[in-house]
Amino acid sequence: MLAIIAASVLVIAAVTVLLVISLRHGKSPVAASSARPGKTPTVSASPSPTLGPLGHISTRAADPAPVTIAELYPATFAADGTTFSRTASKLGTHCSDAVVGAALQAKVAAAGCTQVARATYLSTAKLLMGTIGVLNLTSYTAAEQAGHAAGPSAFIGRLPAAKGPTLDIAKGAGIEEAEVKGHYLILVWAGFTNLHAPKYRGEQLALENFMSRLIIRTANVSLTDRMVNGTP
């Protein structure tokens, strides 16, 4: 696994700094119960220089306000001329039950996870779907260690909708991505609505782009506010 330090600009006139540790793995297509991460790093704004690169979210003690579905996951958003619609969401405290893989479950428990917020999104035009999860852990170090446990058989539990294409999201094959932002671990799984595994590089790139847009336009927005301003 390769650790990539990535930073960019999300708000006007923000100064680019090194902020987010993205945990990446390989990307070969895998079976329906497996996943692989993508390449594109998330983007973030700059916190106050007196707080360090993680701003107000280096630990949960410094960022005690619980996360909410409304804060993290908009009902819809648009990117690249495509609409992404939230089809399911769930907020819970049983973090280990919301991830797949014994090693990841153990690391999440050891990291003192108190919340896991998941949402499933659908891009009808692109025939893509995915589940994104944000886990509220004790510290950046704990989140980084938990993120390293993500991989082909360890990923966010896919959250099905009551109806529609994402009803069968747990039956599909796809790829996975794990990113750390402060004391939060972000896990994403993405696949095609026809449930087939990505066979070509172009299909993998489509899924990677979908995951990148999902992170940037949902959880990253509010977590950046927390990081920079100290409030959700």
Across the stretch 178-206, the tally of residues that are free of Cβ contacts under 8 Å to residues at least 40 places away in the same chain and either under 21 Å from G147 (Cβ atoms) or of a type in the set (K, R) (or both) stands at 1
Of the residues in the stretch 203-232 that are out of contact with any His (no Cβ under 7 Å at 6 or more places or on another chain) and among the basic types (K, R), the one that is surrounded by the most Cβ atoms within 10 Å (Cβ to Cβ) is R213
Those residues of the stretch 99-114 which are over 18 Å from I215 (Cα atoms) and under 15 Å from the mean Cα position of the chain (by Cα) amount to V100, L104, V108
Only one of I175, I156, I132, I169 is more than 15 Å from the chain's Cα centre (by Cα), on the phi < 0 side of the Ramachandran plot and touching a residue at least 40 places away in the same chain (Cβ under 8 Å), namely I169
Within the stretch 181-232, of all residues that are under 16 Å from the mean Cα position of the chain (by Cα) and among the aromatic types (F, W, Y), the one farthest from T131 (Cα to Cα) is Y184
Inset, instruction - Report yes if some residue within the stretch 37-58 is modelled with pLDDT of 85 or more, touching a strand residue (DSSP E or B) at 6+ places or on another chain (Cβ under 6 Å) and closer than 26 Å to A150 by Cβ; otherwise report no. - result: no
Counting only residues that are on the phi < 0 side of the Ramachandran plot and part of a loop (DSSP other than H, G, I, E, B), the stretch 65-83 contains a total of 7
Output for Cβ contacts, cut-off 6 Å, separation at least six or different chains, first residue on the phi > 0 side of the Ramachandran plot in the stretch 89-112, second at pLDDT 95 or above and surrounded by fewer than 21 Cβ atoms within 10 Å (Cβ to Cβ), reads G112/T138
Every listed condition ((1) closer than 19 Å to W189 by Cα; (2) surrounded by 15 or more Cβ atoms within 10 Å (Cβ to Cβ)) holds for T76 save (2)
When you look at S85, is it surrounded by 18 or more Cβ atoms within 10 Å (Cβ to Cβ), more than 19 Å from I175 (Cα to Cα) and hydroxyl-bearing (S, T, Y), yes or no?
no
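The values are calculated or read from the model by the stated rules, or taken from the named source; none is laboratory data. None of these values were measured; they are calculated from a predicted model. Virtual Cβ from ideal backbone geometry, glycine too; neighbours counted across all protein chains shown.
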